[in-house]
Amino acid sequence: MPDQIRQDVAAAATLIVVKVGTRVLTGPDGLLDTARIDSLCRQFDALLAAGRHVVLVSSGAVGAGMGRMGLKTRPQELAHLQAVAAIGQSCLIEAYERALRAHNRHVGQVLLVADDLQDRSRYLNIRNTLRALLDYGAIPIINENDTVSVEELRTSFGDNDRLAALVTTLLGGPLLVLLSDVDGLFDRHPSDSDAALVPTVSRIDGAIESLARDKASGLSKGGMASKIAAASIVTESGGHCIIASGRNDQVLEQIVAAEPVGTLFVGRENTMPAWKRWLGWSASARGKLLVDAGARHAIVSQGRSLLAAGITGLEGAFATGDVVSLAEADGREFAKGLVNYPVEELHRIVGLKTEQIAAVLGYCPYDEVIHRDNLAVICRDATG
């Protein structure tokens, strides 16, 4: 019998973001597995028929391009890698369009680069476009624009697991489903005969993160570590995440039926406001503020603002109103926010009590260095 948590998650999942990995979509020869795509699209149709919305984040462009071009190994030169992705992207969208057309469904292709979500205006435009596609009953198919996104320019999402998590926070989606070639998170390496599936994770901490066991792959940049990181983003923002096998032909139907499939990562009780979701995970930080343990506790556990007295050090160059990250002494980030002071002034008031600021600067425009309304906590577990 489905447990209550799964029933609640399934009932709330009116919008489901589904990410499909490369190893699910391609066979050993690198070609797209059209039977798998047909199976996924049949399930998408069933979800839409039940009144749910679906957004798809699909990997597989490079693998599809390699198969179409008859390549045996992944290109190493950037231009060739991007060319293969461009060829594969057309194969990928064509396969989804064909499969969904059989169900009288429409798709909308959306290619993104990281800057699209870092910029607040473009972020909102993307959100509005995706919502409009959903209003039309279409399935948005999202992928990183590999033909223009290059790591050298620092515009890469890193992997499609993270992209899927950012899309989920952008839309305020209640559920992210990461479909992989494994059944979920195991308590040890899945190849171990004694390995057991972890059915539910109520809190992502160091012990859960240590269960990730990545393997090198010629086709995929993902792995369990990136999936746990994606789950962390979604659950902290108030959504839920399930990691399950994409090779199960009924996996999505089983999830919405609250059946015990895959690993469920349970989100926080309160959904983070849309503004803070952008601030916490999509906005790019211009600097970093190191804070003491007392300030961290006040921000994370009590919802307080950041005062100058709690700051121990600064990094980067930033102006008033820029996004900065907050970190513990060891550099581990736990929050992001909009800073009220430029770096030059902040250097002069680090560690001071609020009533001392005017004497040093000649004025005190703000009591808080970052107000709690402009702070987003992204990690609640202290180091260790």
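The values are calculated or read from the model by the stated rules, or taken from the named source; none is laboratory data. Please read these numbers as outputs of a predicted model, since none were measured by experiment. Using ideal geometry, Cβ is built from the backbone for each residue, glycine included, and neighbour counts are taken over all protein chains shown.
Here are some notes:
- Scanning region 314-334 for residues that are in contact (Cβ under 8 Å) with a residue 24 or more places away in the chain and on the phi > 0 side of the Ramachandran plot yields GLY316, GLY331.
- If you go through region 113-133 and keep only what is assigned to a helix (DSSP H, G or I), aliphatic (A, V, I, L, M) and crowded, with 17+ Cβ neighbours inside 10 Å, you end up with ALA114, LEU117, ILE126, LEU130, LEU133.
- Lone qualifier among VAL55, VAL18, VAL62 - being in a helix (DSSP H, G or I) and in the same structural domain as ILE126 (by TED's automatic domain parsing): VAL62
Yes or no, residue by residue, for (1) in the same structural domain as LYS19 (by TED's automatic domain parsing); (2) at positive phi; (3) in contact with a helix residue (DSSP H, G or I) (Cβ under 8 Å, 6 or more places away or on another chain); (4) of a type in the set (Val, Ile, Thr):
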position: ARG68; (1), (2), (3), (4): yes, no, yes, no
position: LEU71; (1), (2), (3), (4): yes, no, yes, no
position: GLN76; (1), (2), (3), (4): yes, no, no, no
position: VAL84; (1), (2), (3), (4): yes, no, yes, yes
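- Which listed residue is at pLDDT 90 or above, under 18 Å from VAL167 (Cβ atoms) and charged (D, E, K, R), from ARG42, ARG52, ARG98: ARG52
- Scanning region 243-253 for residues that are surrounded by 22 or more Cβ atoms within 10 Å (Cβ to Cβ) and farther than 11 Å from SER180 by Cβ yields a single hit, LEU252.
- For first residues located in region 111-135 and over 27 Å from GLY88 (Cα atoms) and at pLDDT below 95, partners that are of a type in the set (A, V, I, L, M, F, W, C) and part of a helix (DSSP H, G or I) and lie 6+ apart or on another chain with Cβ distances below 7 Å form the pairs ARG120/TRP278.
- Every condition in (1) surrounded by fewer than 14 Cβ atoms within 10 Å (Cβ to Cβ); (2) in contact (Cβ under 8 Å) with a residue 12 or more places away in the chain is met by ALA49 except one, and the failing one is (2).
- Helices (runs of 4 or more DSSP H) wholly inside region 273-384 containing at least 1 residues that are under 28 Å from the mean Cα position of the chain (by Cα) and closer than 30 Å to LEU171 by Cβ: 274-277, 293-302
- A count restricted to region 334-384 and to residues that are under 22 Å from MET272 (Cα atoms), surrounded by 17 or more Cβ atoms within 10 Å (Cβ to Cβ) and among the hydrophobic types (A, V, I, L, M, F, W, C) stands at 11.
- Here is the figure for region 304-363: residues that are over 12 Å from ALA285 (Cβ atoms) and either assigned by TED's automatic domain parsing to the domain that holds ILE204 or of a type in the set (Val, Ile, Thr) (or both) total 9.
- In region 12-31, the residues that are touching a residue at least 40 places away in the same chain (Cβ under 8 Å) reach residues that are of a type in the set (Phe, Trp, Tyr) and part of a helix (DSSP H, G or I) with C-beta atoms within less than 9 angstrom, at least six apart or across chains, in these pairs: VAL18/PHE44.
- Selection status of ALA225, in a loop (DSSP other than H, G, I, E, B), out of contact with any His (no Cβ under 6 Å at 6 or more places or on another chain), modelled with pLDDT under 95 and under 22 Å from PHE186 (Cα atoms): no
- Filter result for VAL24 (more than 24 Å from ASP135 (Cα to Cα) and either surrounded by fewer than 16 Cβ atoms within 10 Å (Cβ to Cβ) or in the same structural domain as VAL234 (by TED's automatic domain parsing) (or both)): yes
- Those residues of region 84-104 which are farther than 18 Å from LYS72 by Cα and aliphatic (A, V, I, L, M), in sequence order: LEU92, ILE93, ALA95, ALA99, LEU100, ALA102
- The lone exception for PRO365 - which of (1) touching a residue at least 40 places away in the same chain (Cβ under 8 Å); (2) more than 24 Å from TYR123 (Cβ to Cβ) it fails: (1)
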